[in-house]
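**Student:** Below is the structure I would like to discuss, written out as structure tokens.
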Amino acid sequence: MSQTMTARVLTDAIGPTEGAALRLKQAALVIAGIALLAICAKIKVPVPGSPVAVSMGTFAVLGIGAAYGARLGLVTIMGYMLIGMLGFDIFQSSTNELNGLTYMMGGTGGYLVGYVLATALLGVLAQRGWDRSVLWMALAMLAGNVLLYIPGLLWLGTLYGWDKPILAWGLTPFILGDALKLALAALILPLAWKLVGRARG
């Protein structure tokens, strides 16, 4: 049986599958994933009147969860969080002056928690084959977005008060952008599986 057929997630189908070579591959994937998360977080568009900006960060988070699986995805996202916690400017709106735990406890703090939860969910769903179908991948991305927004909105409400326009700040401005990112990921992951299968065929 081919490696592609037995792979649980996309990264299982590429490169070494055992021994020291597998560990080196996993370490490289974690480093690459953290770098991708940091880069995508900085690709952003401010939303007037909202403490949260639209960025490609969610696309990277959900994509890594699906491509890496739950375990490696969680190692990657937690590595990203740890580096950010240490004060490095890798979060969406962090700066040299505002970073680390101070930043993480601000308006985007709940979304960072959602990043971890969504990564795990996408990893589990991908391990069940949801990333090999456009429809199922779209549903997985939708579920990941919902799980990401729940702690994000709860934290915004707790931080700023429920009398504030929490949904207008932290949800409605991002729906269109998230729909576009959802559609993009729903196409890319199944296509990547097909390309890997053809390359090994």
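The values are calculated or read from the model by the stated rules, or taken from the named source; none is laboratory data. Just so we're clear, the structure is a prediction, and the values are computed from it rather than from any experiment. When we count neighbours, we look across all protein chains shown, and the Cβ atoms used for this are built from the backbone with ideal geometry, even at glycine. The area values use the complete protein model at the heavy-atom level, side chains included, leaving out ligands, DNA and RNA. Shrake-Rupley method; radii C 1.70, N 1.55, O 1.52, S 1.80 Å.
**Student:** For the stretch 12-110, give me every one of the helices (runs of 4 or more DSSP H) that falls completely inside it and has 3 or more residues that are more than 18 Å from ASN145 (Cα to Cα).
**Tutor:** By residue number, 19-41, 70-85, 100-104.
**Student:** List the number of the failed condition for GLN92; all other conditions in (1) open to solvent by 70 Å² or more (accessible area, probe 1.4 Å); (2) polar (S, T, N, Q); (3) touching a Ser or Thr at 6+ places or on another chain (Cβ under 7 Å) hold.
**Tutor:** (1)
**Student:** Restricting to the stretch 123-171, what's the tally of residues that are farther than 16 Å from LEU62 by Cβ, open to solvent by less than 80 Å² (accessible area, probe 1.4 Å), in a helix (DSSP H, G or I) and free of Cβ contacts under 8 Å to residues at least 24 places away in the same chain?
**Tutor:** Residues that pass the stated criteria total 2.
**Student:** OK, next. Looking at (1) surrounded by 14 or more Cβ atoms within 10 Å (Cβ to Cβ); (2) modelled with pLDDT under 95, can you tell me which one GLU18 breaks?
**Tutor:** (1)
**Student:** Cβ contacts < 8 Å: first residue free of Cβ contacts under 8 Å to residues at least 12 places away in the same chain and among the charged types (D, E, K, R), restricted to the stretch 83-97; second residue in a loop (DSSP other than H, G, I, E, B) and open to solvent by 50 Å² or more (accessible area, probe 1.4 Å), any location; separation 6+ or different chain. Result?
**Tutor:** ASP89/THR95; ASP89/ASN96
**Student:** If you don't mind, another one. Out of everything in the stretch 1-15 that is loosely packed, with under 14 Cβ neighbours inside 10 Å and aliphatic (A, V, I, L, M), what residue ends up being modelled with the lowest pLDDT?
**Tutor:** That would be MET1.
**Student:** Then there is this: When you scan the stretch 95-107, do you find a residue that is within 21 Å of GLY177 (Cβ to Cβ) and among the aliphatic types (A, V, I, L, M), even just one?
**Tutor:** no
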